[in-house]
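> Pasting in a structure now, in structure tokens, and then I'll have a few things to ask.
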């Protein structure tokens, strides 16, 4: 039996794709690197899909590592490909529903809230007058607000505001206001949160992110340190991943002044370079074995160990 071949989707392949290709090769799986934007819906094809590197057959599985920004129409077409692969019984890791639940921060906040999980108070709307009223009410309570792009990552485009004058200067992306309460650090002036990597209901790696600035993303210069996490933090991260229907996710958790833990974000296409550098844990290996389990559940692969 030939070795299974999967596709790894990303718009820019680099270190993470290389890590995955090596980890998959080690367990007898080959991988083709492709971009969802290059896939074609083609009804002349038996499956209706034409995926680069798989013109004659479907991949054994699909790994989603990234989706490029695009218009609503472009993103819809890319989601069509992921949905159709799943409908054709091709394991998609993460599935389209998880991408849809997490690429939009408001949707993530709603999923966490409806699952009863701790997450910061959040308001989202597309009406500037209403958003200003919400901000005014919070400022009257002496609360600080964090404004984030609805679609965004790596701490880019985030602002912290405390006055209506600051609000009036805002230029939000897409005329969509995503406002969130600012969580004061547990230890004053020491900004810290935790990134937990969850794969198939287990935390496989965790790190503490510390910074002298309130934005603690690795991409923004935060220090990443190996750390232990409590069972409470683990269960919160696992529950957050389940709430967005993700097979794997990077879950960001912060500790409030009261000592409670709350979920800041759930990333369904998480990077793990900072995690790897901090802990030495082979996250790619965990992901590769999770993919193998999915492939094996459909077609037993006796020669792969």
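> Work out, step by step, the length gained on full extension between residue 3 and residue 132: first 0.36 nm times the residue separation, then minus their alpha carbon distance; give nm to one decimal.
On the way: separation 129, 0.36 × 129 = 46.44 nm, distance 5.73 nm.
That pair, residue 3 and residue 132, stretches by 40.7 nm at full extension.
> For the pair residue 297 and residue 175, what calculated FRET efficiency results from E = 1/(1 + (r/R0)^6), where r is the Cβ-Cβ distance and R0 = 41 Å, to the nearest 0.05? All intermediate terms of the calculation are to be shown ahead of the outcome.
Values: r = 44 Å, r/R0 = 1.08.
Efficiency computed from Cβ-Cβ geometry: 0.40.
> What area, in nm² and to one decimal, does the C-alpha convex hull of segment 5-94 cast on average over all directions? Display every interim value, and only then the final one.
On the way: hull surface 22.7 nm².
In nm², the orientation-averaged hull projection of segment 5-94 is 5.7.
> Now for a different question. GNM on the chain, C-alpha springs below 10 Å: top fluctuator among 95, 52, 231?
231
> Name the residue, out of 73, 265, 234, whose mean-square fluctuation peaks in a Gaussian network model built on the chain with Cα pairs under 10 Å.
Evaluated over the chain, the most mobile residue of the options is 73.
> Next question. List, largest first, the extents of the alpha carbons of segment 122-181 along their principal axes, each in whole Å.
Sorted from largest, the Cα extents of segment 122-181 read 30, 21, 20 Å.
> For each of 133, 171, 148, count neighbouring Cβ atoms within 10 Å of the residue's Cβ, then give the residues from fewest to most.
Numbers: 133 13, 171 6, 148 22.
Lowest count first: 171, 133, 148.
> Let me ask another. Average the reciprocal distances over every distinct pair of alpha-carbons in segment 74-167, invert the result, and give the Kirkwood radius in Å. Each step should come with its number before you reach the end.
Numbers: mean 1/r = 0.0637 Å⁻¹.
When all Cα pairs of segment 74-167 are included, the Kirkwood radius is 15.7 Å.
> For 90, 251, what ranking results if the residue with the fewest other Cβ atoms within 10 Å of its Cβ goes first? Spell out each step's value before the answer.
Values: 90 23, 251 27.
Exposure proxy ranking, most exposed first: 90, 251.
> Another question, if that's okay. Can you give the helix-only mean residue ellipticity at 222 nm for the chain, where every DSSP H stretch with n ≥ 4 adds -39500 (n - 2.57) and the sum goes over all residues, rounded to the nearest 500 deg cm²/dmol?
Values: 9 runs with 99 residues, N = 305.
After summing the helix terms and dividing by the residues of the chain, the value is -10000 deg cm²/dmol.
> Once the piece of chain linking residue 258 and residue 89 is laid out straight, how much longer is it, given 0.36 nm per residue of separation minus the C-alpha distance between them?
On the way: separation 169, 0.36 × 169 = 60.84 nm, distance 4.61 nm.
This chain segment gains 56.2 nm when fully extended.
> Could you tell me how many degrees, from 0 to 90 and to the nearest 10, lie between the Cα long axis of helix 105-114 and the main elongation axis, the longest principal axis, of the Cα atoms of the chain?
Its long axis makes an angle of about 80 degrees.
> Nearest 0.05, what FRET efficiency do residue 30 and residue 118 give at R0 = 30 Å with Cβ-Cβ as r? Spell out each step's value before the answer.
Details: r = 42 Å, r/R0 = 1.40.
Computed FRET efficiency for residue 30 and residue 118: 0.10.
> I'd like the antiparallel share, as a percent to the nearest 5, of DSSP beta bridges with both residues in the chain.
Bridges in the chain are about 80 percent antiparallel.
> If neighbour count is taken as other Cβ atoms inside 10 Å, put 197, 79, 233 in order from fewest to most.
Details: 197 26, 79 17, 233 20.
If I rank by nearby Cβ atoms, fewest first, I get 79, 233, 197.
> When the convex hull of the Cα atoms of the chain is projected onto a plane and the area is averaged over all directions, what value comes out in nm²?
Values: hull surface 66.3 nm².
Computing the convex hull of the Cα atoms and averaging its projections yields 16.6 nm².
> Looking at the P(r) of segment 137-253, how many percent of alpha-carbon pairs lie beyond 19 Å?
Numbers: 3801 of 6786 pairs.
Here the long-distance tail beyond 19 Å is 56 percent of all Cα pairs in segment 137-253.
> Right, something else. Note the angle between two axes, namely the Cα long axis of helix 15-26 and the longest principal axis of the Cα atoms of the chain, as a number of degrees from 0 to 90, rounded to the nearest 10.
40
> Would you mind telling me which residue in 185, 120, 69 has the biggest mean-square fluctuation in a Gaussian network model of the chain, where springs connect alpha carbons within a distance under 10 angstrom?
Greatest mean-square fluctuation among the candidates belongs to 69.
> While we're looking at this one, here's another question. Over segment 186-268, what number does the Rg to Rh ratio reach, with both radii from the alpha-carbon atoms and Rh per Kirkwood? If you can, show how the numbers build up before the last one.
Values: Rg = 12.2 Å, Rh = 12.8 Å.
Taking Rh as the inverse mean 1/r over Cα pairs, Rg/Rh reads 0.95.
> Could you give the distance between the Cα centres of segment 232-301 and segment 171-231, to the whole Å?
Value for the Cα centre distance between the two parts: 14 Å.
> How tilted is helix 231-243 with respect to the longest principal axis of the chain? Cα atoms for both, answer in degrees (0 to 90, nearest 10).
70
> Continuing with this model, one more query. Subtracting the Cα-Cα distance from 0.36 nm times the residue separation, let me have the gained length for residue 141 to residue 213 in nm, one decimal. Kindly include the intermediate steps, with their values, before the conclusion.
Details: separation 72, 0.36 × 72 = 25.92 nm, distance 2.39 nm.
23.5 nm is the gain from fully extending residue 141 to residue 213.
Laboratory data are not the source of any read-out in this text; all were calculated from the coordinates shown. Since the model is a prediction, treat every value here as computed from it, not as a measurement. Quick reminder, even Gly has a Cβ in these numbers, built from the backbone with ideal geometry, and neighbours come from all protein chains shown.
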